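Have a look at the structure below before the remarks.
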Amino acid sequence: MSKQAVLSQTVAPVTQRRLEIEKTALPPNLGAFLDNLVEEVPDSVALHLIESGEALTYAELRARVNQVANGLRHLGVRKGAHIGVMLPNIKEFPIAWLAIAKVGAVMVPINIRYTSRELHYVLDDSEADYLIILADLLPLFEEVANTLPRLPRNNVMSAARARMVMENGTILPNLGSNLPPKSRSGQMISSISNIPRAPRVFPKAVCFRMIIGSS
């Protein structure tokens, strides 16, 4: 639809539109909201990564979200748990956000430019029980790990540069050579790292755009 066609449309008064919006029944949670969208527009674009041009439909997005949610449950994440998420603007960020909401946990977004002191403050103040972090930033966490008794290392899930490795719906750490030695030796690896891997790897992306309710 052209800009002129959009501007020429008759729009109801603000009061009427507000009443119509407020009387509309809302889904009970984000998981149900995503389920509704999959039923209505399964093949519409939900997530578009600007840099690579890659896109996920609502159906594909829900499948990824369910995989991560199942992985979080396998790791012991329960309703009310606080999960720090220290990721850049990559596809795994919104997927993690929706998956965390689906299991009823609380996401604590963390700026990837934080210093170790700032990271410690956020994790401690938010009472984070788990952490999803870019693998390149693991050394930063290692600087403060011993002062965060609530957050044991086996509750830390690493995502190597724009990758989150999963198998059978379970999040697994990427054990690539870019991880610090302590991670490779198993001291900062998820408690399920002994599961044999045939990983499904998400490709690199830098920017994303979330389009809710598009058709």
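Would segment 36-44 turn up any residue that is aliphatic (A, V, I, L, M), part of a helix (DSSP H, G or I) and touching a helix residue (DSSP H, G or I) at 6+ places or on another chain (Cβ under 6 Å)? Yes, segment 36-44 contains a residue that is aliphatic (A, V, I, L, M), part of a helix (DSSP H, G or I) and touching a helix residue (DSSP H, G or I) at 6+ places or on another chain (Cβ under 6 Å). Can you tell me which residue in segment 94-107 is nearest to the chain's Cα centre (by Cα), limited to those that are of a type outside the set (Gly, Ala, Ser) and surrounded by 21 or more Cβ atoms within 10 Å (Cβ to Cβ)? Filtering first and then ranking leaves ILE95. The residue pairs whose first member lies in segment 19-40 and is surrounded by 10 or more Cβ atoms within 10 Å (Cβ to Cβ), whose second member is part of a loop (DSSP other than H, G, I, E, B), and whose beta carbons are closer than 6 Å, counting only pairs six or more residues apart or on different chains, are PHE33/PRO27; ASN36/PRO27. No other residue among SER116, SER126 is in contact with a His (Cβ under 6 Å, 6 or more places away or on another chain) and surrounded by fewer than 22 Cβ atoms within 10 Å (Cβ to Cβ) apart from SER126.
Of everything in segment 105-157, what is in a helix (DSSP H, G or I) and in contact with a Phe, Trp or Tyr (Cβ under 6 Å, 6 or more places away or on another chain)? Give them in sequence order. Hit for segment 105-157 is ASN155, nothing else.
Looking only at residues in segment 135-161 that are closer than 19 Å to GLY71 by Cβ and either modelled with pLDDT of 90 or more or surrounded by fewer than 19 Cβ atoms within 10 Å (Cβ to Cβ) (or both), which one is nearest to the chain's Cα centre (by Cα)? The selected residue is VAL156.
If you check VAL38, VAL11, VAL6, VAL45 for being in contact with a Lys or Arg (Cβ under 7 Å, 6 or more places away or on another chain) and either modelled with pLDDT under 90 or under 27 Å from VAL106 (Cα atoms) (or both), only one passes: VAL38. Residues in segment 58-71: is at least one modelled with pLDDT of 95 or more and in a loop (DSSP other than H, G, I, E, B)? Scanning segment 58-71 turns up no residue that is modelled with pLDDT of 95 or more and in a loop (DSSP other than H, G, I, E, B). Taking segment 48-58 only, how many residues are exposed (fewer than 14 other Cβ atoms within 10 Å of the Cβ) and closer than 24 Å to ALA105 by Cβ? Summing the residues that are exposed (fewer than 14 other Cβ atoms within 10 Å of the Cβ) and closer than 24 Å to ALA105 by Cβ in segment 48-58 gives 0. In summary, ILE90 fulfils each of the numbered conditions (1) at pLDDT below 90; (2) in a helix (DSSP H, G or I); (3) farther than 19 Å from ASN155 by Cβ; (4) not aromatic (Phe, Trp, Tyr) with the single exception of condition (2). ILE83 meets the conditions (1) within 30 Å of PRO42 (Cβ to Cβ); (2) at pLDDT below 90; (3) not in a loop (DSSP other than H, G, I, E, B) in every case but one. The failed one is (2).
LEU61 meets each of the listed conditions (1) closer than 30 Å to ASN154 by Cβ; (2) of a type outside the set (Phe, Trp, Tyr); (3) surrounded by fewer than 16 Cβ atoms within 10 Å (Cβ to Cβ) apart from (3).
The values are calculated or read from the model by the stated rules, or taken from the named source; none is laboratory data. This one's a predicted model, so the numbers in the text were calculated from it and none came from an experiment. As a convention, Cβ positions derive from the backbone with ideal geometry for all residues, glycine included, and neighbour counts pool all protein chains shown.
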